[in-house]
Each structure stands twice: as structure tokens, then as C-alpha cells.
1. Specify which residue in the list 184, 154, 171 is farthest towards the positive end of the charge dipole of region 126-209, using unit charges on the beta carbon of Lys, Arg (+1) and Asp, Glu (-1), about the Cα centre.
2. Count neighbours as other Cβ atoms within 10 Å of each site's Cβ, and list the trypsin sites (Lys or Arg not before Pro) in region 1-66 that are DSSP loop with at most 11 such neighbours.
3. Per residue, how much accessible area does region 131-228 have with a 1.4 Å probe, in Å²?
4. Using a Gaussian network model of the chain whose springs link C-alpha atoms within less than 10 Å, name the residue from 216, 117, 21 with the highest mean-square fluctuation.
5. Using Cα pairs under 8 angstrom and six or more residues apart, how large is the relative contact order of the chain, in percent?
6. Among residues other than residue 207 whose Cβ falls under 15 Å from its Cβ, what is the net charge (Lys/Arg +1, Asp/Glu -1)?
7. Under a Cβ-Cβ cut-off of 14 Å, what is the net charge of the residues other than residue 36 that fall near it, where Lys and Arg count +1 and Asp and Glu count -1?
8. For the chain, what is the per residue volume of the convex hull drawn over the alpha-carbon atoms, in cubic angstrom?
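The values are calculated or read from the model by the stated rules, or taken from the named source; none is laboratory data. The structure displayed is predicted, hence computed values, not measured ones. Counting neighbours? That spans all protein chains shown, and the Cβs are built from the backbone with ideal geometry, glycine included. These area figures cover heavy atoms from the full protein model, side chains too; ligands, DNA and RNA do not enter into them. Shrake-Rupley method; radii C 1.70, N 1.55, O 1.52, S 1.80 Å.
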Amino acid sequence: MGNFAGGMLAEAIRTSRRSLSIALHLAAGIIFGVIAVELAPRTLEGLDPCLAVMGFIAGGAAFIGLDALIERFQSSPEDDVEGSGQGGTGGAWAIYAAVAVDLFADGLLIGAGSSLSFELALVLALGQVTADIPEGFATIATFRDAGVARTKRILLSASFVVPVLAGAFLSYFFLRDQPEAYQLTALAFIAGMLLVAAAEEIMKEAHEVYPPSKLSSFALIGGFGLFAAVASYFEG
């Protein structure tokens, strides 16, 4: 719903490259907040540090492998829109694939959190919703810039419900009866995936869309602070 709401916002208002970059910085800041405020402390406190670190690294490596597959969706250089520096619709489809993978990881995260406690799942879900609004905004705006028809853009935005629910069901039903060490290792793995996704995909795209500025830096730290405030409120 957060991703879809962001997409509909992009349909309702005119967007600029600068606003897209700010939205992506905001989303990245929230994801960094999820990792730093909730995932890293919880896994490092509940697991052997070596196991937690291996989980982080394995998750990052898994996302790098998925990213290599996503690159195959990129269009050839000949398909570039003249003067845009973008990959035409091929570049937009690559972004769609990257967002779908990110939402699948979100679902894995929420499902794994719910296997530990409802309160943790709620905080993680709220954090991901706030990150997915600017992410959905940027995704649909990119599709619009690539010339994808409006009806198709809305259907694509709605289709993002599939990877997030699939990830949530998968991780919850596989982890709910497992020892806590397995559940925390899964959280560390997903944290590694999200870290690479935010640093290498979302931030990279934000800087390609529009050069970084003081405002985009403020959006980054603002997103981090927003999640920290949400997490502190609900945990309190």
C-alpha cells in the first residue's frame, strides 16, 4: 500500500529529477534506519557475533547475485532515449525488477520479524511502508518518463503486492517454529540484502537522476531520523 500510494502521488503531480532524487534519498535513509536501529542491534545482541556478521555478509552477497540477474533487464545502448542518459523502457524495467526484489526482501524481513514478535513485525512494517512511499513515487515517475502508458503504470504499481506478500508468507511459515538463533540469522541475512540495496541501487539511482545536494543529504538523514522516531514511539 505504501508503494502504491507513492506511485499514485507520482501520477497526480508533476515530478522533476530533483524531486525524484530527494524521494530516493529519503527511502534510503529509512532503510538505513531499519538496519541500524532495529536489525543490527537485535541480531548482534541475540546471536554469536561471528554468526551475525556472516549473516550480514551472506545477505549482501545474495543481493549482489540478484543484481547481476537484474542487469539483464537493461536495454542495449542503442535503445537509449536520445540525450536522456537513461536506458529507455529497458532501464525502467530494470528499476521495476530491482524494486520487486527489494519488496520481496521487505516481505522476508516482516515475516521473519513476526516469527519473533508481533511488536517487532509492526515496527518493521511501518518502517518499510514509509520507505516504500518515496520508492513507489520514484518508480512510477521513471516509468512515466520512459513513455509507459498510464493504465499499464497503475497495474505495474499494483503488482508490487505480489513480491512483498510472497516474501512475508515464505519467511513466516518457514521460521515461526524454528529456534530463535535461526530467526535472528535470517534477520541478519535480510539486513545485508537491504544494506546493499540501499547503498548500491537506491543511492546510485538517486545520484544518476540528479546530482546530490544539501537538500538530498537532509532527506537522507531525515529518513533515518523518521524511522528512529517511529521505532522509539512503538517500542516505548
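1. Final value for the positive-end residue is 154.
2. Those that pass, being in a loop and sparsely packed, are 14.
3. Counting only protein heavy atoms, the per-residue value for region 131-228 is 49 Å².
4. 117
5. Over the chain, the number comes to 46 percent.
6. Working: positive: 17, 18, 204, 214; negative: 200, 201, 205, 208.
With Lys, Arg at +1 and Asp, Glu at -1, the net is 0.
7. Once all neighbours under 14 Å are counted, the net charge is -1.
8. 113 Å³
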